[in-house]
Structure formats: structure tokens, C-alpha cells
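**Student:** Next up is a structure, given as C-alpha cells.
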Amino acid sequence: MTVLSALRSSAAFAAAAALMLGLAQPLMAQSEGAYWVSTSKAKANMRVGPGRDYRISWTYVRKGVPLKVLRVMGGWRLVEDKDGSRGWILQQFLNRERSGIVTGRVSEIRAGKDGSGTVLWRVAPGVIGKLGECEAQWCAFDIDGRKGFIRADSVWGAQTP
């Protein structure tokens, strides 16, 4: 075998391997960068793997629970919740509507988007609301139609994923 035929053989092998890897990639878990979602139904099962045959590790029983998507595999999303629990949820139980959950201690909801203005009310840890724009460490926060602004560090889901 000459050097030229060995190079052709190696190039053909490399091309075939690249083609096979390129075709196999959609079947593997894809990472498109983390992003925020929330549960779209009042009940969503988190599983230990991406399929209905995997056991359920957790069931969310509230609509709007914020989750961080870490990976995508077909119709499944590997998510992480505020407590660090990770598992797989079907995309149909999630939406891109941004929500947040109050953490830490009782937090103030204020009238001004910069944290100024009067205290409208206080919210306890565990309260879930829709997140709006965040500026200068304050985020618009809507809890069932009651709107105001909350410190970004008081809400899990306001951070960059």
C-alpha cells in the first residue's frame, strides 16, 4: 500500500466517522445553554431519565413553578429546581413564561421599579409570581394580578440561568 492510498483510506474513514457522528447527534442530549421555564400544568412529573419508563422522582403540584432547563433530549428537558433537584420533564408540561419563587425571608413588594416608593405588601418564602423586567437589582413581580417590584436577590428565577 502506498502512502497516497493510505491517506485516501484514512480520509475516507474520517469522512465516514464524521458523517456517522453527525447523524447520531440529534439522538444524543443537546445543550443549547440553560434557560428558564415554568410548569404549565397543575401537575408535572419529574423523572430520573428522559422517558415515561423511568420512575418518577418528584411531582410538582403547582402551576408556574420556575425551573432551569439544563439540557434537551427530544421532547424531554433536564431541569433543576430551586432546591437543586434535577430530573427530566416532558416539554408539554413546561412553558417559557418566566416566573420566580420567593426565597430566604419575608420580602417587600414596592411601588417603584428602583425599590423606591411605598411598601405595597410583604410576601413569604415560597410565593410564586410572574417575573417581568429586572433593572438595577429590582424585578417586576405579578402575583395573581397584584403587581409591584421585588429585589432580584429575593427571587429564585431572576438570575441569569
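The values are calculated or read from the model by the stated rules, or taken from the named source; none is laboratory data. Just so you know, these numbers come straight off a predicted model, no measurement behind them. Here the Cβ positions follow ideal geometry from the backbone for every residue, glycine too, while neighbour counts run over all protein chains shown.
**Student:** If you take just the strands (runs of 3 or more DSSP E) that sit entirely in the stretch 94-161, which of them hold at least 2 residues that are without any contact (Cβ under 8 Å) to a residue 60 or more places away in the chain and surrounded by fewer than 19 Cβ atoms within 10 Å (Cβ to Cβ)?
**Tutor:** 119-123, 128-135, 138-143, 146-151
**Student:** Can you confirm whether Ile101 is at pLDDT 95 or above, under 19 Å from Gly145 (Cβ atoms) and aliphatic (A, V, I, L, M)?
**Tutor:** yes
**Student:** Report, by residue number, each residue of the stretch 49-68 that is within 27 Å of Gly145 (Cβ to Cβ), part of a strand (DSSP E or B) and hydrophobic (A, V, I, L, M, F, W, C).
**Tutor:** Leu67, the sole residue that qualifies.
**Student:** Tell me yes or no: at least one residue of the stretch 75-92 is farther than 30 Å from Tyr54 by Cβ, among the hydrophobic types (A, V, I, L, M, F, W, C) and surrounded by 19 or more Cβ atoms within 10 Å (Cβ to Cβ).
**Tutor:** Taking the stretch 75-92 and keeping what is farther than 30 Å from Tyr54 by Cβ, we get none.
The answer is no, given that none of the residues of the stretch 75-92 is farther than 30 Å from Tyr54 by Cβ, among the hydrophobic types (A, V, I, L, M, F, W, C) and surrounded by 19 or more Cβ atoms within 10 Å (Cβ to Cβ).
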